[in-house]
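Trainee: Handing you this structure, nothing more for now.
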Amino acid sequence: MIPDNILEKVGRNLHLQQGHPLNLIKQKIEGYFASVFDSDGFDQFSFFDSFDPYVSIKDNFDDLLIPEDHVSRSSNDTYYRSPDIVLRTHTSAHQNLLLKKGKRYFLVTGDVYRKDTIDATHYPVFHQVEGVWAGSADFWPTTPECDIPKTVEEFLQSTLEGLAHHLFGKDIECRWSDDYFPFTDPSWELEIKFNGEWLEVLGCGLIHKQILTNCAKDPSRPGIGWAFGLGLERLAMILYGIPDIRLFWSEDPRFHDQFKDKTPDDKISFVSYSKYPPVYKDISFWAHPGPYHENTLHQITREVAGDLVEEVKLTDNFTHPKHGKTNHTYRITYRSMDRSLTNEEINQLQNEIRTRVEQLPVELR
Ligand code: DAH
């Protein structure tokens with residue numbers, strides 16, 4: 001059920017490769033938590049980075065209170081190995097087990113997998129860091145003036161603003177807004193202003209009381225804590241100026257030579273090597289609403305064309321007033337990161353995509 005182009009990514013572990021930009025960012029984040037939670041008299045954080053990416057749906061969804069009908073559980077969104085085992089869709093999948101083992105302060109880094117649209121910032125495999133700080137109920141002084149959730153919220157926000165400053169510099173502006181995640185309550189997102197633009201960098205919140213209760217040795221004393229999750233590619237693209245997410249998977253020395261001898265403290269600005277010309281191809285078909293799911297074309301294109309596909313973009317979408325079918329026109333952009341493409345090879349790929357689309361419940365035009 002999981003296609004080869006995804007299976008071959010399992011075990012690549014870009015986040016563990018020395019001199020890879022994702023490893024540099026991971027080290028920078030771990031370095032921050034190691035220093036902050038050492039000098040302030042807090043208990044130290046543990047760092048995990050080698051858990052198996054195949055997890056149970058209990059760990060990935062149920063124990064995180066993700067509703068039965070949540071879209072992320074659908075096989076249009078998630079890679080199922082069997083009805084019970086998925087490629088983790090987020091590193092939050094390891095939260096419950098670690099808490100049950102009595103770990104209270106930790107980061108988990110790993111590769112995560114999602115069926116998604118195709119463009120310069122989305123790829124079906126990416127890397128996340130999950131962070132958890134879970135204090136026991138009597139961690140904070142219980143004087144009447146001390147509003148514990150408020151104190152924990154402020155602690156979370158100051159810790160994560162500190163992380164943003166550690167990564168992007170002291171002068172960076174931060175902004176908080178309310179968000180929603182099933183496993184935190186309340187939840188927020190943190191944005192930073194970078195080159196004049198507000199960019200979302202992470203999601204976080206106070207760990208849902210039900211989760212702390214389920215994981216506590218004594219469920220009548222669940223304690224209180226916070227958690228956050230962030231995507232490493234996104235941070236690395238902002239911080240190092242990497243323009244396309246496929247570059248992380250490239251084996252081109254023109255990419256790797258720019259990072260391989262660097263340390264997490266070095267300032268690095270990626271210099272794009274020549275950009276090769278794109279080739280555009282359109283594909284159009286009629287589809288009945290329902291049986292056709294948009295991610296399907298993205299999956300097929302990725303399976304056939306691999307990293308030669310840069311973007312799949314819906315350029316036209318109208319429903320015929322008489323027969324009620326919807327026309328979908330997509331523009332596929334092909335471009336290699338490291339060489340020029342020939343028309344011949346792209347025609348071949350496009351024909352293969354058309355052949356596979358013909359097998360869907362759609363009418364090619
Ligand atoms: N798991 C979330 C995601 O993949 C990220 C996240 C958000 C993790 C909030 C957290 C959290 O632990 O508190 O989008």
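Trainee: Please work out if Pro278 is out of contact with any Gly (no Cβ under 9 Å at 6 or more places or on another chain) and on the phi < 0 side of the Ramachandran plot.
Mentor: In short, yes.
Trainee: Leu364 fails exactly one of the following numbered conditions: (1) surrounded by 15 or more Cβ atoms within 10 Å (Cβ to Cβ); (2) in contact with a helix residue (DSSP H, G or I) (Cβ under 6 Å, 6 or more places away or on another chain). What is the number of that condition?
Mentor: Here Leu364 clears every test but (1).
Trainee: Of all residues in the range 76-130, count the ones that are outside any loop (DSSP other than H, G, I, E, B) and acidic (Asp, Glu).
Mentor: 3
Trainee: Condition check: within 12 Å of the ligand (Cβ to nearest atom) and among the β-branched types (Val, Ile, Thr). Does Val71 satisfy that?
Mentor: no
Trainee: Just for the range 76-86: of the residues that are more than 16 Å from the chain's Cα centre (by Cα) and at pLDDT 95 or above, which one is surrounded by the fewest Cβ atoms within 10 Å (Cβ to Cβ)?
Mentor: Pro83
Trainee: Going through the range 270-301 one residue at a time, which ones are closer than 30 Å to Phe168 by Cβ and in contact with a Phe, Trp or Tyr (Cβ under 7 Å, 6 or more places away or on another chain)?
Mentor: Phe270
Trainee: Condition first: away from the ligand (no atom under 14 Å from the Cβ) and either within 19 Å of Asp4 (Cβ to Cβ) or touching a residue at least 40 places away in the same chain (Cβ under 8 Å) (or both). Now tell me which residues in the range 74-89 satisfy that.
Mentor: Within the range 74-89, Ser75, Asn76, Tyr79, Tyr80, Arg81, Ser82, Ile85 qualify.
Trainee: Residues that are of a type in the set (Phe, Trp, Tyr) and away from the ligand (no atom under 16 Å from the Cβ), at least 1 per element: which helices (runs of 4 or more DSSP H) completely within the range 146-263 meet that?
Mentor: 148-168, 232-240, 253-256
Trainee: Turning to a different aspect of this structure: Can you spot a residue in the range 284-296 that is closer than 27 Å to Ser74 by Cα and in contact with a helix residue (DSSP H, G or I) (Cβ under 6 Å, 6 or more places away or on another chain)?
Mentor: No; the residues of the range 284-296 include none that is closer than 27 Å to Ser74 by Cα and in contact with a helix residue (DSSP H, G or I) (Cβ under 6 Å, 6 or more places away or on another chain).
Trainee: Filter the range 184-203 down to the residues that are among the aromatic types (Phe, Trp, Tyr) and more than 16 Å from Glu153 (Cα to Cα), then identify the one that is surrounded by the most Cβ atoms within 10 Å (Cβ to Cβ).
Mentor: Phe194
The values are calculated or read from the model by the stated rules, or taken from the named source; none is laboratory data. Worth saying up front: this structure is predicted, and the values here are computed from it rather than measured. Positions of Cβ are backbone-derived with ideal geometry, glycine not excepted, and every protein chain shown enters the neighbour counts.
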